[in-house]
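Peer 1: My questions all concern the structure below.
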Amino acid sequence: MNVNEKIKQDISSFSLPEFREIPDVGLYLDQVVRYINGFLSAYPVMQVTGSMITNYVKLKLVPRLNRKTYTREQIASFIFIVLAKKVISIDNIRLLMQEEENQDITSFYERFRSSMMTASKKMAEKEIEVTDDLYGNIACAIAYQMYLERYFDDQKK
C-alpha cells in the first residue's frame, strides 16, 4: 500500500462519537483530554491539552465546569473547538457558537459530526467539493488539514 492509499484509509476510518455516545457521567479534565485525544491519535498535531481545555472555558467558549467534572454537552463543544480551530480562528468559533446558541448543543454537534464524517469519507474518495453549506465547508477544511498532517508525517519517516 503506498503512502497516499494509507492516508486515504486513515482518513476514511476517522470517526467521532455520536452525541449520545459521549460519556454523560461527568469526566475530570485529564479524562476529557484522554477521551478527545483517543479520536485524534493518528493526528498528534491536532490533539488537545488540559491547558487548552481550561483556556476554552476561560474564553467563555464553553460554560464553566460543575464540581470539577465536564458534561456531555461541554465535551461535545470541546471536540468541535479542537477540530475547528485548525481551520478557523477562536474568534470565529465563538461567533459561530453564539449564532447557534438558539439550538441545543446536541443538534449543533450532530450537524458538525455528520459533516465531518461525510467530509472524511469524501476526502478519502477524492469527491470533496466546496458548497454553500457552512458546516460542510468547515468539515472539508478539517479533512484537508488531516490529510496534509499525515502526508508530512509520513514524509518525515
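Peer 1: Among the residues of segment 55-67, is any under 15 Å from the mean Cα position of the chain (by Cα) and assigned to a helix (DSSP H, G or I)?
Peer 2: The answer is yes; a qualifying residue exists.
Peer 1: Something else: When you go through ALA141, ALA76 one by one, which is the residue that is over 26 Å from PRO23 (Cβ atoms), under 12 Å from the mean Cα position of the chain (by Cα) and either surrounded by 17 or more Cβ atoms within 10 Å (Cβ to Cβ) or at pLDDT below 80 (or both)? Can you show your working first?
Peer 2: Details: ALA76 fails: over 26 Å from PRO23 (Cβ atoms).
After applying the criteria, what remains is ALA141.
Peer 1: Residues to consider are ALA42, ALA119; find the one that is within 22 Å of GLU149 (Cα to Cα), crowded, with 17+ Cβ neighbours inside 10 Å and touching a helix residue (DSSP H, G or I) at 6+ places or on another chain (Cβ under 7 Å).
Peer 2: Working: ALA42 fails: crowded, with 17+ Cβ neighbours inside 10 Å.
So the residue among ALA42, ALA119 that is within 22 Å of GLU149 (Cα to Cα), crowded, with 17+ Cβ neighbours inside 10 Å and touching a helix residue (DSSP H, G or I) at 6+ places or on another chain (Cβ under 7 Å) is ALA119.
Peer 1: Now a separate question. I need a count of the residues in segment 84-135 that are of a type in the set (A, V, I, L, M, F, W, C), modelled with pLDDT of 75 or more and within 16 Å of PHE14 (Cα to Cα).
Peer 2: So the count comes out to 5.
Peer 1: Out of the residues in segment 9-34 that are surrounded by fewer than 19 Cβ atoms within 10 Å (Cβ to Cβ) and at pLDDT below 85, state the one that is nearest to ARG150 (Cα to Cα).
Peer 2: Among those that are surrounded by fewer than 19 Cβ atoms within 10 Å (Cβ to Cβ) and at pLDDT below 85, it is ASP10.
Peer 1: Condition check: under 23 Å from SER115 (Cα atoms) and of a type in the set (D, E, K, R). Does LYS58 satisfy that? Talk me through it step by step, then tell me what you get.
Peer 2: Details: under 23 Å from SER115 (Cα atoms): no; of a type in the set (D, E, K, R): yes.
For LYS58, the condition - under 23 Å from SER115 (Cα atoms) and of a type in the set (D, E, K, R) - is not met.
Residue-wise test of (1) more than 13 Å from the chain's Cα centre (by Cα); (2) of a type outside the set (D, E, K, R).
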{"residue": "LYS8", "(1), (2)": "yes, no"}
{"residue": "SER12", "(1), (2)": "yes, yes"}
{"residue": "PRO17", "(1), (2)": "no, yes"}
{"residue": "PRO23", "(1), (2)": "yes, yes"}
{"residue": "TYR28", "(1), (2)": "yes, yes"}
{"residue": "GLN31", "(1), (2)": "yes, yes"}
{"residue": "TYR35", "(1), (2)": "no, yes"}
{"residue": "GLY38", "(1), (2)": "no, yes"}
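Peer 1: THR71 passes all but one of (1) farther than 20 Å from LEU40 by Cβ; (2) at pLDDT 80 or above; (3) surrounded by fewer than 17 Cβ atoms within 10 Å (Cβ to Cβ); which number fails?
Peer 2: Tallying (1) farther than 20 Å from LEU40 by Cβ; (2) at pLDDT 80 or above; (3) surrounded by fewer than 17 Cβ atoms within 10 Å (Cβ to Cβ), THR71 fails exactly one: (3).
The values are calculated or read from the model by the stated rules, or taken from the named source; none is laboratory data. No experiment lies behind these values; they were computed from the predicted model shown. All Cβ positions, glycine included, derive from the backbone under ideal geometry; neighbour counts span all protein chains shown.
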